[in-house]
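**Q** Structure incoming, see below.
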Amino acid sequence: MTEPSGGSTDKPRRPVVVPAAALVALTAVGITALLGGLNERPDPPPKTLKPGQTLDQGQFDTQVVESKFVVEKAENQFAEDKRYVDVVFKVTNKTDQTVSVGSPPHDKGKGFNFGSTLLKMTPQIKTKFGPDMFVLSKGATSRQLHPGVQSMVVARYELDAAAQPPKQVSYDIGAMEHLENPLTGLSNWFLVSEPEPLTNALKDKVVAKITLPVESQGA
């Protein structure tokens with residue numbers, strides 16, 4: 001049988017050289033596909049706030065001011081001292097209506113109004129009835145945030161008798177968005193949410209994080 005022209009088929013073949021630029025392009029396309037397509041980009045990470053820095057939360061402009069350990073002395077010999085970790089905020093209600101300051105989330109509920117935007121506290125300070133939240137003005141307290149007025153807001157966590165105050169506390173902070181119900185035409189403020197990467201279930205979106213040292217009273 002006559003051999004095919006060109007010699008033996010066992011001859012080593014010359015390797016095909018792929019330009020480096022083509023490899024980079026293929027890698028980029030593969031990464032883009034994993035991230036969900038050419039038109040989608042991952043969301044930027046939450047902001048890292050510093051004390052006193054203003055955060056736009058949609059319904060509110062908020063500054064996280066400080067955290068401190070507070071001891072409230074007993075009124076008489078039959079009572080006991082009370083010990084708290086207080087986190088202080090300056091909050092401006094940007095709407096044209098007075099709203100309740102609300103309550104932070106805890107193991108008995110998700111919280112509401114401004115308080116609900118404090119999505120997660122680390123370490124979690126467990127209290128018997130959940131944390132207290134109030135507006136402090138000239139020594140008096142209230143539960144209302146008036147339109148356009150910067151208010152001093154205190155989130156107060158009572159410590160158990162045996163518990164020691166943490167050295168620092170951190171918050172994951174959310175934001176509010178104004179949404180309208182297309183069926184009723186009514187609108188309200190809700191926490192901004194986003195889908196979970198795998199399940200697509202909605203979760204509250206963390207827009208900022210902050211860590212504060214817990215200062216001693218009078219420091």
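The values are calculated or read from the model by the stated rules, or taken from the named source; none is laboratory data. In this text, all values refer to a predicted model and were calculated from it rather than measured experimentally. With ideal geometry, Cβ positions are generated from the backbone for all residues, glycine too; neighbour counts draw on all protein chains shown. The accessibility values were calculated without ligands, DNA or RNA, using every heavy atom of the protein model including side chains. Shrake-Rupley method; radii C 1.70, N 1.55, O 1.52, S 1.80 Å.
**Q** Sort through Asp86, Asp132 and tell me the only one that's under 22 Å from Ala175 (Cα atoms), of a type in the set (Asp, Glu), touching a Lys or Arg at 6+ places or on another chain (Cβ under 6 Å) and touching a residue at least 60 places away in the same chain (Cβ under 8 Å).
**A** Numbers: Asp132 fails: touching a residue at least 60 places away in the same chain (Cβ under 8 Å).
From the options Asp86, Asp132, the qualifying one is Asp86.
**Q** With the structure loaded, tell me whether Lys68 is farther than 30 Å from Leu179 by Cβ and surrounded by fewer than 18 Cβ atoms within 10 Å (Cβ to Cβ) or whether it fails that test. First the steps, then the outcome.
**A** Working: farther than 30 Å from Leu179 by Cβ: yes; surrounded by fewer than 18 Cβ atoms within 10 Å (Cβ to Cβ): no.
Spelling it out, it is not the case that Lys68 is farther than 30 Å from Leu179 by Cβ and surrounded by fewer than 18 Cβ atoms within 10 Å (Cβ to Cβ).
**Q** Moving to a separate point now. Of everything in the stretch 176-211, what is of a type in the set (Phe, Trp, Tyr) and either in contact with a Gly (Cβ under 7 Å, 6 or more places away or on another chain) or part of a loop (DSSP other than H, G, I, E, B) (or both)? Give them in sequence order. Walk me through it before giving the result.
**A** Narrowing the stretch 176-211 to residues of a type in the set (Phe, Trp, Tyr): 189-190.
Matches in the stretch 176-211: none.
Let's see how each residue does on (1) more than 26 Å from Ser187 (Cα to Cα); (2) modelled with pLDDT of 95 or more:
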{"position": "Pro45", "(1), (2)": "yes, no"}
{"position": "Gln57", "(1), (2)": "no, yes"}
{"position": "Glu80", "(1), (2)": "yes, no"}
{"position": "Val85", "(1), (2)": "yes, yes"}
{"position": "Ser100", "(1), (2)": "no, yes"}
{"position": "His106", "(1), (2)": "yes, no"}
{"position": "Lys110", "(1), (2)": "no, no"}
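**Q** Does Thr62 fit the bill of being assigned to a loop (DSSP other than H, G, I, E, B) and surrounded by 15 or more Cβ atoms within 10 Å (Cβ to Cβ)?
**A** Numbers: assigned to a loop (DSSP other than H, G, I, E, B): no; surrounded by 15 or more Cβ atoms within 10 Å (Cβ to Cβ): yes.
For Thr62, the condition - assigned to a loop (DSSP other than H, G, I, E, B) and surrounded by 15 or more Cβ atoms within 10 Å (Cβ to Cβ) - is not met.
**Q** Among the candidates Asn200, Asn181, which residue alone is open to solvent by less than 80 Å² (accessible area, probe 1.4 Å) and free of Cβ contacts under 8 Å to residues at least 40 places away in the same chain? Before the answer, list the steps.
**A** Numbers: Asn200 fails: open to solvent by less than 80 Å² (accessible area, probe 1.4 Å).
On inspection, the qualifying residue turns out to be Asn181.
**Q** Further question: Looking only at strands (runs of 3 or more DSSP E) that lie completely in the stretch 74-175, which have at least 2 residues being open to solvent by less than 40 Å² (accessible area, probe 1.4 Å)? First the steps, then the outcome.
**A** Values: elements: 82-93, 118-122, 132-137, 140-142, 150-158, 168-173.
Of the strands (runs of 3 or more DSSP E) lying wholly inside the stretch 74-175, those with at least 2 residues that are open to solvent by less than 40 Å² (accessible area, probe 1.4 Å) span 82-93, 118-122, 132-137, 150-158, 168-173.
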